[in-house]
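J.: Handing you a structure now.
The values are calculated or read from the model by the stated rules, or taken from the named source; none is laboratory data. Since the structure is predicted, the reported quantities are computational estimates derived from the model, not experimental observations. No Cβ is skipped: glycine too gets one built from the backbone with ideal geometry, and neighbour counts run over all protein chains shown. Note: accessible area is taken over every heavy atom of the protein model, side chains too, but ligands, DNA and RNA are not part of it. Shrake-Rupley method; radii C 1.70, N 1.55, O 1.52, S 1.80 Å.
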2 protein chains.
Amino acid sequence: MRESTALDEMICFQLYAASRAMTALYRPLLDPHGVTYPQYLVLRVLWHDGPTTVRDLGRALRLDSGTLSPLLKRLEAQGLLTRARGADDERTVLVSLTDPGQQLRDAIGDLTPALLCAVDLTVDELTQLQHLLIRANRPGRTA
Amino acid sequence: MRESTALDEMICFQLYAASRAMTALYRPLLDPHGVTYPQYLVLRVLWHDGPTTVRDLGRALRLDSGTLSPLLKRLEAQGLLTRARGADDERTVLVSLTDPGQQLRDAIGDLTPALLCAVDLTVDELTQLQHLLIRANRPGRTA
DNA sequence: CCCAATTAAGTTGTGCACAACCCATTGGTG
DNA sequence: CACCAATGGGTTGTGCACAACTTAATTGGG
């Protein structure tokens with residue numbers, strides 16, 4: 001049967017499908033607040049770390065400026081954050097939350113319970129999955 | 001520290017990051033053949049199952065016609081497949097591989113080895129990950 | 001000091017993902 | 001037969017992801 005249902009292919013498809021299913025779970029929870037899942041991830045970094053450069057946001061989320069620039073522009077247009085050129089280094093742009101951006105943290109609240117009950121996994125299995133994914137995200141030999 | 005690095009959030013981000021990292025691994029392998037990762041998934045279904053309706057492709061890949069229609073149109077423009085309205089049911093469209101589409105299977109070959117050595121996981125861990133993802137893709141209580 | 005290489009953001013173009021819609025065909029049911 | 005809900009596929013609009021490129025600022029070496 002050749003490689004029709006080979007191991008790696010299955011894992012890769014499951015990963016791809018699970019990632020899309022996960023954002024689909026977040027959608028109805030975030031939609032009322034007017035933000036998407038990637039936007040929510042950016043906000044989480046800002047809630048946790050305070051004002052952050054575009055470069056550091058990119059490092060944290062593994063996204064480049066081609067993705068972040070328009071995304072941040074949309075969040076800025078919503079009044080959730082501001083962007084300002086760095087004083088010391090004019091190349092950098094520092095992203096800071098506005099008051100509405102800060103308040104959104106409490107408005108959205110903790111999404112954990114809603115998500116946990118939507119997945120058929122125990123807490124142990126989730127922890128296991130998390131550790132495997134973290135290791136999977138740390139590639140071995142890129143060459 | 002509130003829910004700044006909560007369990008579910010970490011897993012969801014790891015899933016999101018791992019999925020993107022995975023398609024990034026496929027990109028250089030598929031690029032020379034002129035297909036993307038989602039296009040490759042469609043081809044795999046066709047290689048495995050033969051002519052398939054758009055509806056069944058959507059069920060297999062968990063994608064709707066809004067995603068599949070333009071994707072299939074691009075594969076058709078490349079001469080890799082053809083689309084034809086069903087004879088019995090005029091609503092359905094049957095997707096069939098052309099000869100070049102069939103030959104691409106051998107041209108691309110088995111990508112497993114290249115992918116395995118790019119991930120820092122043992123075969124056992126990959127199997128474990130696969131089973132967890134399969135269960136994660138089977139949601140518990142949607143309501 | 002000056003210039004080349006590097007870095008930080010942004011822009012452009014392509015393709016995926018999905019919601020919201022449209023339309024034609026189908027398969028009942030009255 | 002007439003009607004009507006359901007189904008299959010397509011289109012439109014928005015946003016994400018990324019490659020490739022551009023521009024401006026910075027840094028380091030001669």
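J.: Ignoring ligands, DNA and RNA, how much accessible area is buried between chains B and A, both sides summed, with a 1.4 Å probe, to the nearest 100 Å²?
T.: On the way: alone 10520 and 10520 Å², together 14900 Å².
That pair hides around 6100 Å² of surface in total.
J.: Below 8 Å between Cα atoms, with a sequence gap of 6+, how large is the relative contact order for chain A in percent?
T.: Value for chain A: 19 percent.
J.: Another question, if that's okay. To two decimal places, what compactness ratio does the protein assembly as shown give when its Cα radius of gyration is scaled by 2.2 N^0.38 Å?
T.: Ratio of Rg to 2.2 N^0.38 Å for the protein assembly as shown: 1.12.
J.: Between B:ALA87 and A:THR122, how high is the FRET efficiency from 1/(1 + (r/R0)^6) when r is the Cβ-Cβ distance and R₀ = 35 Å? Nearest 0.05. Kindly include the intermediate steps, with their values, before the conclusion.
T.: Values: r = 49 Å, r/R0 = 1.40.
Step by step, r from the Cβ atoms, then E = 0.10.
J.: Under 10 Å, Cα contacts only: if you run a Gaussian network model on chain A, which one of A:ARG74, A:ARG27, A:ARG59 comes out with the highest mean-square fluctuation?
T.: Ranking A:ARG74, A:ARG27, A:ARG59 by mean-square fluctuation puts A:ARG59 first.
J.: Something else about it: Just to be sure I understand the curve: with the Debye formula and one point per C-alpha of chain B, what is log10 I(q)/I(0) at q = 0.09, 0.16, 0.19 Å⁻¹?
T.: -0.38, -1.02, -1.25
J.: Work out the length of the dipole vector of the protein assembly as shown about its Cα centre, built from +1 on the beta-carbon of each Lys and Arg and -1 on the beta-carbon of each Asp and Glu, and round it to the nearest 20 debye.
T.: Approximately 500 debye in magnitude.
J.: Okay, moving on. With only Lys, Arg, Asp and Glu charged, each at its Cβ (+1 for the first two, -1 for the last two), find how big the charge dipole of segment B:1-116 is about the Cα centre; round to the nearest 20 debye.
T.: 200
J.: Taking the label point as lying 7 angstrom from Cα along the Cα-to-Cβ axis, what are the distances from A:THR127 to the corresponding position in the remaining copies, in ascending order and in nanometres?
T.: Result, one decimal in nm: 2.4.
J.: Right, something else. Hey, what do the phi angles of segment A:57-68 turn into as Karplus ³J(HN,Hα) couplings, whole Hz, using 6.51/-1.76/1.60 and θ = phi - 60°, x for Gly and Pro?
T.: The phi angles translate into 4, x, 5, 5, 9, 6, 10, 9, 5, x, 8, 6 Hz.
J.: Keeping all protein chains in position, work out how much accessible area A:LEU75 exposes to a 1.4 Å probe, and write it in Å² to the nearest 10.
T.: Number for this one is 0 Å².
J.: OK, next. Out of segment B:58-128, which GluC sites (Glu not before Pro) are coil in DSSP terms and have no more than 11 other C-beta atoms within 10 Å? Mind showing how you got there, number by number?
T.: On the way: sites: B:GLU76, B:GLU90, B:GLU125; in loops: B:GLU90.
For GluC sites (Glu not before Pro) across segment B:58-128 that sit outside H, G, I, E and B with at most 11 neighbouring Cβ atoms in 10 Å, the list reads B:GLU90.
J.: Evaluate peptide B:123-133: per residue, the Cβ atoms of other protein chains within 10 Å of its Cβ; return the mean as an integer.
T.: Average neighbour count from other chains, rounded to a whole number: 6.
J.: If you don't mind, another one. Can you give the Rg/Rh ratio of segment B:10-85, where Rg is from the C-alpha atoms and Rh is the Kirkwood radius?
T.: 1.01
J.: Would you calculate a helix-derived [θ] at 222 nm for the protein assembly as shown, using -39,500 (n - 2.57) for each DSSP H run of n ≥ 4 and dividing by the full residue count, to the nearest 500? Mind dumping the intermediate values first?
T.: Working: 14 runs with 174 residues, N = 286.
That calculation yields -19000 deg cm²/dmol at 222 nm.
J.: Normalised by the residues of segment B:35-109, what does the relative contact order come to in percent, with Cα pairs under 8 Å and at least six apart?
T.: Reported as a whole number, the value is 32 percent.
J.: So, one more: Given springs between every Cα pair under 10 Å in a Gaussian network model of chain A, which of A:GLN78, A:GLN103, A:GLN130 has the largest fluctuation?
T.: Taking springs between Cα atoms under 10 Å, the residue moving most is A:GLN130.
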